[in-house]
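Chemist: One structure, pasted below without further comment.
Every read-out reported here was derived from the displayed coordinates using simple, explicitly stated rules and does not represent laboratory data. Note that the coordinates shown come from a computational prediction; the quantities given were computed from them, not determined experimentally. Cβ placement follows ideal geometry from the backbone for every residue including glycine, while neighbour counts extend to all protein chains displayed.
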Amino acid sequence: MDDLNEIIKTISLTMGAAWASGINLYATILVLGGLGVTGNIVLPPGLEILMNPLVIGAAGLMYALEFFADKVPGVDTGWDTVHTFIRIPAGVMLAAGAVGEVNPAVAIAAGLVGGGLATSAHAAKAGTRLMINASPEPVSNWTASVMEDVAVITGVWAALYHPVAFLACLILFILLLAWALPKLWEAVTSFFSFLGRMFNSEKAAESSDTRL
């Protein structure tokens, strides 16, 4: 029974770290590193580096930058675009490190699953933010950003202290994401098509004025 509980805890930490990194990598590192430093949790060997003061300091600095960038319409989308190449690889590494000292095949499998989960969470966030930016008011950006931070902190906490409940919620998240992503993708492509038509119309109008 104890072995089963340990397996569930490991899976929960692995998937929780990957999922959270796809939304806000720096908050994830701060929570895990902070809990490890204060002795509230014992991190597996692969994640002990998160307790290093340099890592915590760098994560804190980047979290502060993201805190503001994530609330400015347009800037948040640019930030998410750049972080496509940061959050996903980090999700792979965190998931692989969270399984501890095991067979390398297990670590690779965990990294692959974690990378897919981080990609899905990142895609959901970036796509949702792109649609929110279609609205001119900034309140939606602030609300979404705060909710994302709360979700990451709460999710990592739940993954550590309530693994069964977290995994149940994660399964629900995956099912909802499978339903929502096609609709979100359709909305995003429609948005870009609208921008393209608007740009072409302005260009055609400028050309017409030039000929006159």
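Chemist: Considering every Cα-Cα pair within the chain, what fraction, in whole percent, is farther apart than 20 Å? Don't skip to the end; give the middle numbers.
Modeler: Values: 13528 of 22366 pairs.
Value for the chain (Cα pairs over 20 Å): 60 percent.
Chemist: For Asn40 and Leu112, calculate 0.36 nm times their separation in residues minus their Cα-Cα distance, and state this gained length in nm to one decimal.
Modeler: Numbers: separation 72, 0.36 × 72 = 25.92 nm, distance 2.82 nm.
Contour length minus the Cα-Cα distance gives 23.1 nm.
Chemist: Output ³J(HN,Hα) for segment 11-25: one whole-Hz value per residue in order, computed from phi by the Karplus curve 6.51 cos²θ - 1.76 cosθ + 1.60 with θ = phi - 60°, and x for Gly and Pro.
Modeler: Each residue's phi maps through the Karplus curve to give 4, 4, 5, 4, 6, x, 5, 5, 4, 5, 5, x, 9, 8, 4 Hz.
Chemist: I've got another one for you. How long is the gain from Glu137 to Val82 if the chain were fully straight, where each residue apart is worth 0.36 nm and the alpha carbon distance is subtracted? Let's see the in-between values first.
Modeler: Details: separation 55, 0.36 × 55 = 19.80 nm, distance 2.35 nm.
Here the answer is 17.4 nm.
Chemist: Pick out, from Leu117, Ala58, Pro73, the residue whose Cα sits farthest towards the positive end of the charge dipole of the chain, with +1 on the Cβ of Lys and Arg and -1 on the Cβ of Asp and Glu.
Modeler: The Cα lying farthest towards the positive end belongs to Pro73.
Chemist: Then there is this: To make sure I understand, if each residue's beta carbon is the centre and we count other beta carbons within 10 Å, what order do Tyr161, Tyr26 fall in, fewest to most? Mind showing how you got there, number by number?
Modeler: Details: Tyr161 14, Tyr26 23.
Ordered from fewest to most neighbouring Cβ atoms within 10 Å, Tyr161, Tyr26 come out as Tyr161, Tyr26.
Chemist: Helix 53-69 sits at what angle to the longest principal axis of the chain, using alpha carbons and giving 0 to 90 degrees rounded to 10?
Modeler: 30 degrees
Chemist: Going toward the positive end of the dipole of the chain, with +1 on Lys and Arg Cβ and -1 on Asp and Glu Cβ, which of Ala90, Ala107, Ser135 do you reach last?
Modeler: Farthest towards the positive pole: Ser135.
Chemist: Take the alpha-carbon centre of segment 114-132, take the same for segment 1-50, and report the distance between them in whole Å.
Modeler: 21 Å
Chemist: With a Förster radius of 30 Å, plug the Cβ-Cβ distance of Met147 and Asn103 into 1/(1 + (r/R0)^6) and report the FRET value to the nearest 0.05.
Modeler: Values: r = 38 Å, r/R0 = 1.27.
With R0 = 30 Å, the Cβ-Cβ based efficiency is 0.20.
Chemist: Per residue of segment 167-174, in order, report the coupling 6.51 cos²θ - 1.76 cosθ + 1.60 (Karplus, θ = phi - 60°) as ³J(HN,Hα) in whole Hz, putting x for Gly and Pro.
Modeler: Once rounded to whole Hz, the list reads 5, 5, 5, 5, 4, 5, 4, 5.
Chemist: So for Trp185, Trp79, fewest C-beta neighbours within 10 Å to most, what's the order?
Modeler: Details: Trp185 12, Trp79 17.
Final ranking by Cβ density, sparse to dense: Trp185, Trp79.
Chemist: I would also like to ask the following. Of the peptides 71-77, 19-25, 174-180, how do they stack up when ordered by the mean number of other Cβ atoms within 10 Å, highest first? All intermediate terms of the calculation are to be shown ahead of the outcome.
Modeler: Working: 71-77: 16.4, 19-25: 27.6, 174-180: 12.3.
Highest mean packing first, the order is 19-25, 71-77, 174-180.
Chemist: Using 0.36 nm times the number of residues separating Ala165 and Val72, minus their current alpha carbon distance, what extension gain do you get? Kindly include the intermediate steps, with their values, before the conclusion.
Modeler: Details: separation 93, 0.36 × 93 = 33.48 nm, distance 3.35 nm.
So the chain would gain 30.1 nm between Ala165 and Val72.
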